[in-house]
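In what follows, a structure is listed as structure tokens, so that the remarks can point back to it.
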Amino acid sequence: MIEVSIEAIASLTQYYDQPLRCFMFGDFQLVPSVEEFEEILGCPLGGRKPYFFFGLYPSMARIAKVVKISAPNLDQVKQNINGVVGLPRKHLEEKVKALADQGEWASFIDVLALLVFEVVLFPNVDGLVDVAVIDAFLAYHHSKESPVVAVLTHAYGTFDRRCKKSGARIVYYTPALYVWLVSHLFLHESRSICPLQGHYMYVENGKANWEQLLAGMVGAFINWFLRWKEGGTGVLFSCEAFTNVPLMGTRGCINYNPVLAIRQLGYPMREAPSEKSITPFIA
């Protein structure tokens, strides 16, 4: 639904501060947060349990029940590409077509949803549906666990890897990053009540010179507290002994520092954050 400006994402990468895990501009910083991504993805945590990957892949028998392909067949087509284990996307696409031809619509919806889940939320190796992503899908599909934390983990992790290796691609849910960015950068007389509505208000700004625009941004012109966050019940600011928010995805862990986003939460930042509150946690 979102036409992403590649120039916007490419320009945004230049402002990522790896030690602080935030985007650092001239006189302000921005932090993608769990609460913002809940709204953008349309998947609020609420009473849901967040999905966490514990390093155990689902069995072929369990996957077979969803994709309607026998476990022995899945074992035969399973591939390992550079250490990533998964099923060929082409094989599942063929199964989707077969299910449609047979009129098995319940199974068709499940397999199609899995493909969309992999392509949109957790892209990794081209042409391969990662079994770790299948685990996330099964947790969402059967247990209603929220993938928001895992998606945000991948977003931060991708920027972090790009700082270490300049050739790393920014592939993890660029539409969410783009909606998040334009929501903060562009003010509008009619404040939107949802992220996608807001994005369409600013669609003309997608034609902007993003490198020049971001270089000239100052805190006075930032849309700090978004209307679609009004009325929220609270924010994740720490996690027990952690003075920041640790995140876990299917490919590792990282943290972000809400203390750097205090202006986004509607409060002024009156003093520098403590060193403890911005201690990195990356695995």
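The values are calculated or read from the model by the stated rules, or taken from the named source; none is laboratory data. Since this is a predicted model, take the numbers as computed values, not measurements. Ideal geometry is used to build each Cβ from the backbone, glycine not excepted, and the neighbour counts take in all protein chains shown. Areas reflect the complete protein model, heavy atoms only, side chains present, ligands, DNA and RNA absent. Shrake-Rupley method; radii C 1.70, N 1.55, O 1.52, S 1.80 Å.
Note on THR13 and HIS141: their simple-model spin labels are 3.2 nm apart, each label 7 Å out from Cα toward Cβ. In a fully extended conformation the segment linking PHE237 and SER274 would gain 11.9 nm over its present Cα-Cα distance, using 0.36 nm per residue. Remark: the range 67-120 carries a charge dipole of roughly 120 debye about the Cα centre, counting +1 on each Lys and Arg Cβ and -1 on each Asp and Glu Cβ.
With distances taken between every two different alpha-carbon atoms, the range 7-46 has a Kirkwood hydrodynamic radius of 11.6 Å. I'd like the carbon and sulfur percentage of the solvent accessible area for the chain, probe radius 1.4 Å, heavy atoms only, ligands and nucleic acids excluded. The C+S portion of the solvent-accessible surface of the chain is 55 percent. Normalised by the number of residues in the chain, the mean separation of alpha-carbon contacts (under 8 Å, six or more apart) gives a relative contact order of 26 percent.
In this structure, the amide hydrogen of SER146, modeled 1.01 Å from its nitrogen in the peptide plane, lies closer than 5 angstrom to those of LYS49, TYR51, counting only residues at least 5 positions away or on a different chain.
Packing-based ranking of 154-160, 138-144 yields 154-160, 138-144, ordered from highest to lowest mean Cβ neighbour count within 10 Å.
Per-peptide packing, taken as the mean over residues of other Cβ atoms within 10 Å, places 177-185, 271-279 in the sequence 177-185, 271-279 from highest down. Over the range 28-91, Cα pairs under 8 Å with separation of 6+ residues give a relative contact order of 14 percent. Using a cut-off of 28 Å between Cα atoms, the listed pairs LYS97/LYS144; LYS95/LYS144; LYS49/LYS97; LYS78/LYS164 include LYS49/LYS97; LYS78/LYS164 as exceeding that distance.
Binning all Cα-Cα separations of the chain at 5 Å, short to long from zero, yields these whole-percent fractions: 1, 5, 11, 15, 17, 16, 13, 9, 6, 4, 2, 0, 0. Over all distinct Cα pairs, what is the inverse of the mean 1/r for the range 82-151, reported as the Kirkwood hydrodynamic radius in Å? Evaluated over the range 82-151, this radius sits at 12.5 Å. Placing pseudo-labels 7 Å out from each Cα toward the beta carbon at MET24 and ARG62 gives an inter-label distance of 4.1 nm.
Using the rule -39500 (n - 2.57) for each DSSP H run of four or more residues, divided by the residues of the chain, the 222 nm mean residue ellipticity is -11500 deg cm²/dmol.
Would you work out if the range 1-110 is rounded, prolate or oblate? Take a ≥ b ≥ c from the square roots of the eigenvalues of the alpha-carbon gyration tensor; rounded if a/c is under 1.5, else prolate when a/b is larger than b/c, oblate otherwise. Since a/c reaches 1.5 and a/b is larger than b/c, the shape of the range 1-110 is classed as prolate. Protection proxy ranking of 237-246, 77-86, by the mean of other Cβ atoms within 10 Å over each peptide's residues and highest first, is 237-246, 77-86.
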